[in-house]
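The values are calculated or read from the model by the stated rules, or taken from the named source; none is laboratory data. Quantities reported herein were computed from a predicted structural model and do not represent experimental measurements. Quick reminder, even Gly has a Cβ in these numbers, built from the backbone with ideal geometry, and neighbours come from all protein chains shown. With ligands, DNA and RNA removed, areas are computed over all heavy atoms of the protein, side chains included. Shrake-Rupley method; radii C 1.70, N 1.55, O 1.52, S 1.80 Å.
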Amino acid sequence: MKDKVIIVTGGSSGMGLYMAKRFLKEGANVAITGRNEERLAAAKKQIGEDTEDRLLLISMDVRNVEDVDRMVKETVRSFGRIDALVNNAAGNFISPAEKLSANGWNSVINIVLNGTFYCSQAVGKYWIENKIKGSILNMVATYAWNAGAGVIHSASAKAGVLAMTRTLAVEWGQRYGIRANAIAPGPIERTGGADKLFESEEAAKRTLQSVPLGRLGTPEEIAGLAKFILSEEAAYMNGEVVTLDGGQWLNQFPF
Ligand code: HXC
C-alpha cells in the first residue's frame, strides 16, 4: 500500500476510521471524508502526528454531487492521484417499515445508495480519463441478500450497493481493469451500527447469541480484510462480497 492514495468516505469514526488508520500504517496517503468538521478534527488528533502529512480531511456530504466532485479534486491536488475508494459512509436507524416516513426512507437511500453511486462515478471517471486501474470497496451488510427486519431502508440500499458492486466489476472491469468488491460486516464493536444494536441489554444479548463465535467482530479485523482486498494480493478478486460476521447470517437454526 506504500504511497497509494485511498479515499475513505465516512472516515472520521467507526470502521472508516480504523480502515484509515490501517492504510496509513501500511504507508498509504489517505483522504477521509465526513459531514462534521469537529469529528474530522478529532479523528486527525486520534490518528496522531506521525502520519499527519499523509492524511487529508475533507468536509463533505456524499449526498451532494458538488461535494463529491470537490472530494476528487482536493484529493488529486493534495496527493497527485487516487488509487482506491472505500464507500463506507452510511446512515441507519431502526424503524418498523410501516412507520418509516418518506423523509426517513429518502435520507438513508440518499446516503447509502445514491452517495455510493455519486462517489464511485466521480472517482471512476477520473480513473477512466487517467487510465488508472483503481479499486472500489463498498461496505454492505448481510441483509443486502438476507432480510433486514427493522431496517428496510438500509437493507434496500445495501442490496442496491451490492448490485452496483457487481455491475461495476463487470462493466469497468472489462473495459478499464477497475475492480469493485464489497465487505459485509456483521456486528462490529466500537461502531455506530453496534451502538444501535446495543441500545438495550436484551438486544445486546440477542445479538451475541446470534453469532456462532459468541462475540462481536473488531474494526481492526474489518480493516485487515479491507487492506487485503485493496492490495495486489487480491488483484484477481472482482465483484466479490466477503462476509465477516462470525457466521451470524448462516445461523438459522441455532444448535
Ligand atoms: C425514526 C427517524 C430516526 C429514527 C431519523 N429519522 N432518525 N425516524 N427513527 N431513529 C427520520 C427523521 O424523523 C426524518 O424524517 C428523516 O429520518 C431524516 O432525518 P434527519 O435527522 O433530518 O436526517 P439526516 O440529518 O440526513 O441524518 C441521517 C440519518 C442519521 C441516517 C437519519 O441517523 C445519520 O446521519 N446517521 C449517520 C450515522 C449512522 O447512522 N451510522 C450507522 C450506520 S450503521 P421526517 O419525516 O421526520 O422529516 C449501518 C450498518 C448497520 O449502516 C449494520 C448492523 C449489523
Q. If eta is 1.306 mPa s and T is 10 °C, what Stokes-Einstein diffusion coefficient results for the chain, Kirkwood Rh from Cα pairs, in µm²/s?
A. 87
(Q) So, taking all protein chains as they sit and a 1.4 Å probe, how much accessible area belongs to residue 156, in Å² rounded to tens? (A) 50
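What whole-number value in Å² describes the accessible area per residue of the stretch 134-255 for a 1.4 Å probe?
On a per-residue basis, the stretch 134-255 sits at 51 Å².
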Q) What accessible area per residue comes out for the stretch 1-70, rounded to a whole number of Å², with a 1.4 Å probe? A) 49
Q. Does the stretch 96-142 come out rounded, prolate or oblate, given a ≥ b ≥ c as the square roots of the eigenvalues of its C-alpha gyration tensor, rounded meaning a/c under 1.5 and, failing that, prolate meaning a/b above b/c?
A. oblate
Q | Surface share of carbon and sulfur [accessible, 1.4 angstrom probe, percent] for the stretch 70-133 | A | 51
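For the stretch 138-207, with all protein chains present and a 1.4 Å probe, just round the carbon and sulfur fraction of the accessible area to a whole percent. Show your work: numbers first, answer last.
Numbers: 1640 of 3190 Å².
Of the solvent-accessible surface of the stretch 138-207, carbon and sulfur hold 51 percent.
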Q.
For a protection proxy built on the mean count of beta-carbon atoms within 10 angstrom, sort 96-104, 241-249 highest first, please.
A. 241-249, 96-104
Q.
Can you give me the C-alpha center-to-center distance between the stretch 77-128 and the stretch 199-255, rounded to a whole angstrom?
A. 21
Q. At a probe size of 1.4 Å, how large is the accessible area of residue 164, to the nearest 10 Å²?
A. 30
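Net charge around residue 89, counting only other residues with Cβ within less than 10 Å of its Cβ (Lys, Arg = +1; Asp, Glu = -1)?
Here the count lands on +1.
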